[in-house]
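Novice: Quick one: the structure is below, questions incoming.
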Amino acid sequence: MNQSPRLEAVMADITRIAADAIVNAANSSLLGGGGVDGAIHRAGGPAILEDCRRIVARQGGCRPGEAVITGAGNLPARYVIHTVGPVWTGGARGEADTLASCYRNSLALAAAHDCTSVAFPGISTGVYGYPKEAAAGIAVHTVVEALAAGSTVKHVIFVSFDAQGLALLKKEIARYPLFQ
C-alpha cells in the first residue's frame with residue numbers, strides 16, 4: 001500500500017535535519033550568503049560551494065523561482081536543493097508566483113533524484129522580506145498541490161527558526177488533514 005504524503009512543521013536548525021534533501025534559500029550567485037544560505041554552506045563544508053561553482057560555470061547562477069541540486073557535504077542529508085526566492089516589493093511584481101515556483105521546482109528536483117523526504121526553510125521570509133503569513137500559505141498550498149499530483153516525495157518538513165513561523169506553518173498544515 002502506498003504511503004500517503006505527510007507534512008510537518010518543526011522549529012529547528014535545518015542543517016541538523018536528516019532528510020534526503022534540504023532546501024537552501026539561496027541567492028542567485030549560489031556562492032553563499034547570510035541566514036539559512038550561510039548556515040548551510042558553513043555546516044556542509046566546502047564540497048557544497050565546489051558543486052555550486054560548477055553549476056555557475058555551466059549555467060551562470062540561478063534565477064528567482066528556479067532550483068538546482070548539489071551534494072550535501074557534511075550535512076545529514078543526501079542533497080541540498082538551492083532555490084532563489086523573490087525579494088518582496090509589495091506583492092505586485094509576481095512575488096507569489098515566483099515563491100510558488102521555488103517550492104514546485106525544488107520538489108520536482110527532489111523527485112528526479114528519488115528523494116522521499118525534503119526539508120524546507122521559510123524561503124524569502126528573512127532578508128528578502130516576504131511576509132511570513134503569506135509565505136506560509138503559499139508554501140503549504142503549493143507543496144500540497146505538488147504532492148497530490150504524485151511524487152516520490154512522501155514527507156515534507158517545514159523548518160522554522162522561530163515560534164511565530166512555526167505557528168503560521170502549523171496553522172496552514174491544519175487546513176489539509178489528509179497530509180497530517
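Novice: Report the residue count in the stretch 101-116 for those that are among the hydrophobic types (A, V, I, L, M, F, W, C), surrounded by fewer than 19 Cβ atoms within 10 Å (Cβ to Cβ) and more than 14 Å from V156 (Cα to Cα).
Specialist: Quick first cut of the stretch 101-116, residues among the hydrophobic types (A, V, I, L, M, F, W, C) only: 102, 107-112, 115.
Right, trim to surrounded by fewer than 19 Cβ atoms within 10 Å (Cβ to Cβ) and you get 108, 111-112.
Of the ones still in play, those that are also more than 14 Å from V156 (Cα to Cα) are 112.
Looking only at that region, the number is 1.
Novice: Another question, if that's okay. Go through the stretch 64-102 and report how many residues are among the acidic types (D, E) and under 20 Å from G32 (Cβ atoms). Reasoning before the result, please.
Specialist: Of the residues in the stretch 64-102, the ones among the acidic types (D, E) are 66, 95, 97.
Then keep just the ones that are under 20 Å from G32 (Cβ atoms); that gives 66.
The total comes to 1.
Novice: Right, another one. Looking at D114, D20, D51, which is the one that is over 21 Å from K132 (Cα atoms), of a type in the set (D, E) and touching a Lys or Arg at 6+ places or on another chain (Cβ under 9 Å)?
Specialist: Checking each option against the conditions leaves just D20.
Novice: I've got another one for you. Output the number of the condition that A47 fails; it satisfies all remaining conditions of (1) touching a helix residue (DSSP H, G or I) at 6+ places or on another chain (Cβ under 6 Å); (2) of a type in the set (A, V, I, L, M, F, W, C); (3) outside any loop (DSSP other than H, G, I, E, B).
Specialist: Status for A47: all satisfied but (1).
Novice: If you don't mind, another one. If we keep just the residues of the stretch 77-92 that are in a loop (DSSP other than H, G, I, E, B) and among the β-branched types (V, I, T), which is farthest from I22 (Cα to Cα)? Reasoning before the result, please.
Specialist: Restricting attention to the stretch 77-92, the residues satisfying the condition of being in a loop (DSSP other than H, G, I, E, B) are 77-78, 85-92.
Narrowing further to those that are among the β-branched types (V, I, T): 87, 89.
Numbers: V87: 21, T89: 27 Å.
Looking at the filtered set, the residue picked out is T89.
Novice: Take the residues of the stretch 4-48 that are within 13 Å of the chain's Cα centre (by Cα) and of a type in the set (V, I, T): which is surrounded by the fewest Cβ atoms within 10 Å (Cβ to Cβ)?
Specialist: I17
Novice: OK, next. Does the stretch 118-145 hold any residues that are at pLDDT below 95 and among the small types (G, A, S), and which are they?
Specialist: Across the stretch 118-145, the qualifying residue is only G126.
Novice: So, in the stretch 50-76, of the ones that are of a type in the set (A, V, I, L, M) and part of a helix (DSSP H, G or I), which residue ends up surrounded by the fewest Cβ atoms within 10 Å (Cβ to Cβ)?
Specialist: At the first step, the residues of the stretch 50-76 found to be of a type in the set (A, V, I, L, M) are 55-57, 67-69, 72, 75.
Among the residues that remain, those that are also part of a helix (DSSP H, G or I) are: 55-57.
Values: I55: 16, V56: 16, A57: 8.
Taking the candidates together, the pick is A57.
Novice: Just to be sure before I move on: is A139 surrounded by 22 or more Cβ atoms within 10 Å (Cβ to Cβ) and among the small types (G, A, S) in the structure I sent?
Specialist: yes
Novice: Among the numbered criteria (1) among the aliphatic types (A, V, I, L, M); (2) closer than 23 Å to T116 by Cβ; (3) touching a Pro at 6+ places or on another chain (Cβ under 8 Å), which single criterion is violated by A12?
Specialist: Here A12 meets the rest and fails (3).
Novice: Looking at the stretch 93-105, can you tell me whether even one residue there is part of a helix (DSSP H, G or I), touching a strand residue (DSSP E or B) at 6+ places or on another chain (Cβ under 8 Å) and over 13 Å from N27 (Cβ atoms)?
Specialist: yes
Novice: Further question on the same structure: If we keep just the residues of the stretch 117-134 that are within 12 Å of the chain's Cα centre (by Cα) and not β-branched (V, I, T), which is surrounded by the fewest Cβ atoms within 10 Å (Cβ to Cβ)?
Specialist: Checking each candidate, the answer is S117.
Novice: Any chance you could count how many residues in the stretch 92-111 are in contact (Cβ under 8 Å) with a residue 24 or more places away in the chain, closer than 13 Å to Y128 by Cβ and out of contact with any helix residue (DSSP H, G or I) (no Cβ under 7 Å at 6 or more places or on another chain)?
Specialist: 3
The values are calculated or read from the model by the stated rules, or taken from the named source; none is laboratory data. What you see is a predicted model, and the numbers here were worked out from it, not measured in a lab. Because the Cβ atoms are built from the backbone with ideal geometry, glycine has one as well, and the counts that use them run over all protein chains shown.
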